[in-house]
Every structure is written in C-alpha cells, then in structure tokens.
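Some notes on the structure that comes next.
Just so it is clear, none of the values below were taken in a lab; they were calculated from the coordinates. These numbers were taken from a predicted model, which means no experiment stands behind them. Don't worry about glycine lacking a Cβ; one is built from the backbone with ideal geometry, like all the others, and counts go over all protein chains shown.
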Amino acid sequence: MSDVELKANRPLSPHLQIWRPTLTMTLSIVHRMTGAANYIGALFLAWWLIAAAAGPDYFAYVNDIYGSIIGRLVLFGFTWSLTHHMLGGIRHLIWDVGAGFGVESRNWMARANVIGSVGLTILLWIVGYAVR
C-alpha cells in the first residue's frame, strides 16, 4: 500500500468543531487553567514568606500590597483556584477508581465542583475575616 492509501483509510478524529461543549469538557479546561494559576499563586505565597523572613519593614510593604483591593481580589481568585483544583482532583480520583462515569453522575459531580469551589472559597474568606 502506498502512503496515500494508508492515509485515506485512517479514521478521522473528532475535533472541537464537531463536539458540542459540555460542562465536563469546560471543567477539564478550567482544571488545567487553575493548575497553572496555582503555580503563580505559589510564587505570591513564596514572596510573602520571604518578606516575613526579610524583616518587619519589607513584610509590612508586602502586606500593604496584599491588603489592597486588587491584592485581595488576587488572593480571593487564588483561593478559588485552589479549592476548584482540589475538588476537580477529587472528581478525577473518583473516576480513577472506576466510579461516576454515567451521564448523570458526571454532570452532578461537575456541578458540585463549581458550586463547592465557590461555596468553599466564600466560607474560607468568612472564617478568615471572623478569626482576624
């Protein structure tokens, strides 16, 4: 067989123009994005720890940045990224043991992931301000 015949007999793979987007597909992309965002958040955490070790003046400077409106929004987003990624990891762990592959189970877990990550983030911030 020639190369042309081999290529003609190969099945066509579906691509994004064929598949209708679903919640689980979207959450798969968001899971990857939150994983990347967590790397950046870890750099912010490292900067804060280094500032704490550098002395009270530099620590106060970094705390002023993190305490600003923009800083708090970034920290809120980092908190959501962590909780969303964690719950997505638990969802994948459930799939790894062979459970939750039915359509209803997948959709239920996807919704629980979104609602749970938002709810946990808000709860963590409420507790954080209450303890403060």
When the helix-only estimate is applied to the chain (DSSP H runs of n ≥ 4, each -39,500 (n - 2.57), divided by the residue count), what is the mean residue ellipticity at 222 nm, nearest 500 deg cm²/dmol?
-28500 deg cm²/dmol
Given unit charges at Cβ for Lys, Arg (+) and Asp, Glu (-), the dipole magnitude of the chain about its Cα centre in debye, nearest 20, is 320 debye
How big is Rg to Rh over region 20-72, alpha-carbon atoms, Rh as the Kirkwood inverse-mean-distance radius?
1.25
Ranked output for segments 60-66, 77-83 by mean other Cβ atoms within 10 Å, highest leading, reads 77-83, 60-66
Can you find, among 41, 92, 103, the residue farthest towards the positive end of the dipole of the chain? Put +1 on the C-beta of Lys and Arg, -1 on that of Asp and Glu.
103
